[in-house]
Amino acid sequence: SKASSKASSNSDTRKHATTSNTTTTTTTTTSTTKNKKAYNRRAIRASAIAIDDGPAEGPGAYVPPVVPKNDASRRLIYNAIRHNVLFKACSTDELRDLIDAFRAEHRGSKSVVIREGDHGDGFYVLSVGSVSVYESTEFKGTLHPGMGFGEIALLYSCPRTATVRAREDCHLWFMDRRAFRAIMARHKRKRLNMKLMLLEKVKIHDKKLGEILKPHEVHSVAMAATFKEYSQGQVIVRQGDVGDAFYMIENGNVDVYIREKSDSHPVVTLKPGAFFGEKALLSSDVRTATCVASAGGTESGSAGEYGEQGAEQGVVKCLLLMREDFVRMLGDLESLMDRSYESREGSDKEGRGDNMMGDMKW
């Protein structure tokens, strides 16, 4: 009986060990699979980050190509990219430089334009001919002139997710990732410098913004501010509405109307470099005037340049800063103004003390 009990106990121990080992193996396998997936995601991100385009400025900086094109080709590329999410926020100048950078390529009938699994390096716009799209061996569709493909490669060096094969002789326009990044980075720096230049002119009460904020705070404000365009006659702010944003004019003119004085004639016309709505940074008071985009601006986007219908003249471009964004980043503006006054008073007292020390006779 004792021997039987001992044998049964040993059998249970072996079963428990086997079950434990199986569970451990399953857990290890699952963990390994998760680690591999995480590693692959990190590797893809790293491959995108690791691309070195060289210095952004100065000697040795990469200069994107400028490839001559006729108007029809420029219009074709513009219409292919203008609704793409990568290009929607681009300014007129950005779109012009990006279109300049596309170079012509030719593919013979039945040749592969991009192959699934290969690492992508650029974006194509089809100019002449047609191409077929396959995922694995499954046919997904046909692309025709004026259509673009492969845009994810402008952001990341990741494998292509489909194969694109020419159905006939094809002419394409191609832009590589290096040119795209260089152009976007150049315009990003240009926008930041423009924002900083506009912010330097802003005065709240009797003080410039640069006197109220520290340099890194001004930089944060510039990063948070966004450019917005208004067509001629469009109301930017309306008298009586609650103010929640501050505006600086980069391009165009803005007419200011005050209901109590005149609804038909502006009391003043603001020019580029002027600003309005600054009280919105202090509180959510109602607007005391109506501001309307006036004539004097340049044409909206690239619409007129490329013949799009409905392009409007007289666009006003403003740098827009939301009070909510300002408060979230830096806190209440009044507190910041008090801080700057206290700092200035402290400096004045210290200066007066130094002068008194200098006048004393030892």
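Report the net charge of residues surrounding residue 284, where surrounding means a beta-carbon distance below 11 angstrom and charges are Lys +1, Arg +1, Asp -1, Glu -1. Charge balance in the 11 Å sphere: -1.
Rounded to the nearest 20 debye, the dipole size of segment 75-186 about its Cα centre is 80 debye, using +1 on the Cβ of Lys and Arg and -1 on the Cβ of Asp and Glu. Ranked by the mean number of other Cβ atoms within 10 Å of their residues, highest first, the peptides 194-203, 105-114 come out as 194-203, 105-114.
My understanding is that a pair violates if its Cα-Cα distance is over 18 Å; which of 188/279; 201/271; 203/271 do that in this structure? From the list (188/279; 201/271; 203/271), the Cα-Cα distance tops 18 Å for 188/279.
Taking all protein chains into account, the per residue accessible area for segment 114-202 stands at 49 Å² (1.4 Å probe).
Using Cβ point charges alone (K and R +1, D and E -1), the dipole size of segment 189-283 about the Cα centre works out to roughly 360 debye.
Across segment 162-246, C-alpha contacts under 8 Å between residues 6 or more apart give a mean separation that, scaled by the residue count, equals a relative contact order of 18 percent.
The values are calculated or read from the model by the stated rules, or taken from the named source; none is laboratory data. Please read these numbers as outputs of a predicted model, since none were measured by experiment. Cβ sites come from the backbone with ideal geometry, for glycine too, and all protein chains shown count toward neighbours. With ligands, DNA and RNA removed, areas are computed over all heavy atoms of the protein, side chains included. Shrake-Rupley method; radii C 1.70, N 1.55, O 1.52, S 1.80 Å.
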